[in-house]
Amino acid sequence: MENTTLKLRGMSCASCASSIEDAINSVPGVNECIVNFGAEQATVKYDPKRTDLEAIQEAVDAAGYSAYPLQEQNLMAGEDDAEKRHRLRESRDLMRKVAVGGIISTVLVIGSLPMMTGLHLPFIPVWLHNPWIQLILTTPVQFWCGYSFYINGWKALKRHAATMDTLIALGTSAAYFYSLFPTLFPSFFINQGLTPDVYYETAAVVITLILLGRLFENRAKGQTSEAIRKLIGLQAKTARLIRNGREVDVPIEEVIIGDVILVRPGEKIPVDGEVIEGASTIDEGMVTGESLPVKKQPGDEVIGATINKTGSFKFRTTRVGSDTVLAQIVQLVQQAQGSKAPIQRLADQVTGWFVPAVIAIALLTFIIWFNFTGNVTLALITTVGVLIIACPCALGLATPTSVMVGTGKGAENGILIKGAESLELAHKIQTIVLDKTGTITQGKPTVTDFATVNGTANGNEMRLVQLTASVERNSEHPLAEAVVRYAQSQEVALADVREFEAITGSGVQGIVSAHLVQIGTQRWMSELGIDTQALQQDKERLEYLGKTAIWIAVDGQIQGLMGISDAIKPTSIQAVRALQKLGLEVVMLTGDNRRTAETIAREVGIKRVLAEVRPDQKAATVQKLQSEGKIVAMVGDGINDAPALAQADVGMAIGTGTDVAIAASDITLISGDLRSIVTAIQLSRATIRNIRQNLFFAFIYNVAGIPIAAGILFPIFGWLLNPIIAGAAMAFSSVSVVTNALRLRKFQAKPVA
């Protein structure tokens, strides 16, 4: 399967989005299509052996819309020139039509005041009362300003569908053509004892108000992608390369992997790389959300778009273009903004039958009022009101606009949310499972204790360090790295290893200088039949201090014991306390021995500990927690955490961890600060609350508005909803939903006392 994102044009409401989804999903070979009305994008998963982009685009064209693929190479360029020109042209066209419609509508309303009020108003020129003058004024508004409603309505009709444009075209046409009849044949009405009233101002004002609403809506929708524009704006425009001993400033597009770049204080780092000379502190807050500058020295990684604070340094580029961290963040945010939350399914189901239902209600309204009263004017006003006030747009915008703003706000806080489903599910989390090493702790363990059976005589201790570190050099485990670093600090030369083997969850072994060296847990030593009694007291002392004890056996005999400590992150205690204050159960999951695990857990305030869990058992452990009926989030950073991250309802990866863990997760915490979990959950809750508000207002608006427009209050209060007010209300409903979603831009994580 391949994934692609298409930019869509021609959509006017949520019904259009449903039509495009149906059209694309009907193409053989398409596995899934999600259309985001707010972002005007379609995310398509398809089988390239059975179909291609051209066939998908043809299906969109046949549905009456247009689509073109977003190119990956333009990822960091933002909107391309064609899209910018299209948006500018669309905005100017709307502004012209709103201006013309506004002027003409004002004149028409003034001319209609005597009819609407039933009063003689001498200050209004007599010629404005003339229906022929009103016809001449209304016609350009009806057919030039309202041209798009007819075109889009006709396209929908050809594919046996109905959209918001269909309702507007029907409603305004009813008012216009009804008015045309008494204009042409006034005597017919007079002979029937009826007043030849006209409603040209209704058609003109409704069209103008709806176009004004779309203008405001387009501008507001543009603000939902502000996070993307901010992220793209972070990148540097040029880089200072070192070539042939000279400094050369080049555009960032010309930088390639392996280039050496000089960065001075106050400058942006152009791309990702590794420091090779010099040292400095770097403000990474714009990418990671971390407020404090980070020290960098040779061997450390630097991220493009971050700001160098103090010293000058040189670094060698490792990632450029769409491979940089910033580009990947932009891509993830775009992916999330184009996804669809499960809460939107109800709105999608409603919009599927909404427009046909409204047309049926409008026809029924006309028949009932005309049959019971014989008053065609009353029947017309209520029918037009129903057609105009109904608004599936508000339902269609309720969820995607909030998701777009929420995921963008997450990126600003160093939280990458891969999809709307993860954003929605995060607010339901009941249990947070935290991996120990690299998540609660720093992930940089160090050897603090070393005990041997035979003491230090004849260089025994250093010989044992050499054997141990030589084997551990072949392992990727953080504890192995600690042993190798310890050997290097002791200036011990490492030897070659044969027949190296890693036993998952137990330890490692290999042959060094004809000796079989085995390093691992006490449980593994017992399984091997190796007696550990000689150093048992040392092991108990280390575990009491919260240190990890690893056993060293040579040729089947215990020779030594190393104590390894991994410092707790300064913010872990605060984060755990905050999660518990949010009403969440916090669980620590580790492969470490129980005594060490419980010591660490006590220190950070965690009550439930799942210790001595092998990597291949972690996913099953998460599944067991889920079987208790809990919504479980797993937080980890290592390769061995990937299955558990994938198993959890919400997987959260520490951004400082491995690429495999990040790929398996739903949410990535770039900074590695566990307080980001609290921020992610609070953001999820704020977003879902915002979506529910939007859906409530959209549903209530239609549930209350349509009956009122149909004249349900007329028998009681003698009051009818003027179609002009209905048009204003319809325009306001969409704008209010988008405006409410934009309130999320002010989101700030609240400290949990």
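Observations on the model:
- Folded to 0 to 90 degrees: helix 14-25 orientation relative to the chain principal axis, Cα: 60 degrees
- Calculated FRET efficiency, Ala62 to Glu603, Cβ-Cβ distance, R0 = 60 Å: about 0.40 to the nearest 0.05.
- Solvent-accessible area, 1.4 Å probe, carbon plus sulfur percent, for the chain: 56 percent
- Helix 81-117 axis, angle to the chain major axis (alpha carbon atoms, nearest 10°): 40 degrees
- Segment 453-530 - percent relative contact order, Cα under 8 Å, separation 6 or more: 24 percent
- Note that the chain presents 44 Å² accessible area per residue, ligands and nucleic acids not counted, probe 1.4 Å.
- Taking Lys and Arg as +1 and Asp and Glu as -1, the other residues whose beta-carbon sits under 9 Å from that of Glu274 total -2.
- Label point 7 Å beyond Cα of Asn375 along Cβ direction - residues of segment 712-748 with amide nitrogen under 15 Å: 712-723
- Prolate/oblate/rounded label for segment 448-525 (Cα gyration tensor, a/c 1.5): rounded
- The chain, dipole about Cα centre (Lys/Arg Cβ +1, Asp/Glu Cβ -1), debye to the nearest 20: 2280 debye
- In degrees, nearest ten, helix 594-604 long axis to first principal axis of the chain (Cα): 50 degrees
- Computed on the chain, with alpha-carbon pairs under 8 angstrom and 6+ residues apart, the relative contact order is 13 percent.
- Ranked order, His160, His86 - accessible area, probe 1.4 Å, largest first: His160, His86
- Part-to-part distance (alpha-carbon centres) for segment 119-174 and segment 581-628, which is given in Å: 67 Å
- By the rule of a C-alpha distance below 23 Å, with chain neighbours fewer than 8 residues away ignored, the lysines paired with Lys97 are Lys84, Lys155, Lys221.
- Cα centroid separation - segment 692-731 against segment 491-510, whole Å: 75 Å
- Glu247 sits with roughly 100 Å² accessible to a 1.4 Å probe, with DNA, RNA and ligands left out of the calculation.
- With each label modelled as a point 7 angstrom along the Cα→C-beta vector, the Leu184-Ser627 pair spans 7.7 nm.
- Here the gap between Asp616 and Tyr147, fully extended at 0.36 nm per residue and compared with their Cα-Cα distance, gives a gain of 162.5 nm.
- From the coordinates shown, semi-axes √(5λ) of the Cα gyration tensor in Å corresponds to which of (i) 46, 37, 26; (ii) 68, 27, 21; (iii) 51, 32, 26: (ii)
- Inter-probe distance in nm under a simple model that places probes 7 Å from Cα toward Cβ, at Thr139 and Arg219: 3.3 nm
- Efficiency of FRET from Cβ geometry, Arg743 and Ser91, R₀ 30 Å, rounded to 0.05: 0.80
The values are calculated or read from the model by the stated rules, or taken from the named source; none is laboratory data. All values reported here derive from a predicted model rather than from experimental measurement. All Cβ positions, even for glycine, are placed from backbone atoms using ideal geometry, and neighbour counts span all protein chains on display. Note: areas computed on protein heavy atoms with side chains; ligands, DNA, RNA excluded. Shrake-Rupley method; radii C 1.70, N 1.55, O 1.52, S 1.80 Å.
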